1. Evaluated at 25 °C with a viscosity of 0.890 mPa s, what Stokes-Einstein diffusion coefficient in µm²/s does segment 27-80 have when Rh comes from the Kirkwood expression over alpha-carbon pairs?
2. Taking θ = phi - 60°, what integer Hz values does the Karplus form 6.51 cos²θ - 1.76 cosθ + 1.60 yield along segment 28-34, in sequence order, with x for Gly and Pro?
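Derivation of every value follows stated rules applied to the coordinates shown; laboratory data play no part. Note that the structure is predicted; figures quoted are calculated from it, not measured.
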Amino acid sequence: MSLELSMALAAPPGGGLLAPPPPAPPGKEQQVAGVGILLQISMLVLSFVLGHVLRRHRFYYLPEASASLLIGMFTSHHARTPPRPRRLPDPCV
């Protein structure tokens with residue numbers, strides 16, 4: 001009897017056929033982390049492609065590591081530099 005009682009108390013109402021709650025939308029932190037990961041992967045792919053192009057055209061003056069360093073510097077500069085605010089025309093003129 002006690003086993004049936006504990007089983008009845010442990011089972012959710014409705015016979016256990018309740019739908020799970022909908023997933024919560026991703027937070028701002030998760031979106032920022034996703035963009036960061038995407039940026040790193042795209043920089044890695046770009047450095048591989050650039051290294052291949054440099055070797056294909058026999059451009060030995062700029063090694064692949066230096067080209068990857070330049071890509072990283074360019075990307076970090078643009079990621080940290082805030083956009084310039086636009087000047088709106090003066091409505092009084």
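1. For the chosen part, D equals 200 µm²/s.
2. 5, 5, 5, 5, 5, 5, x
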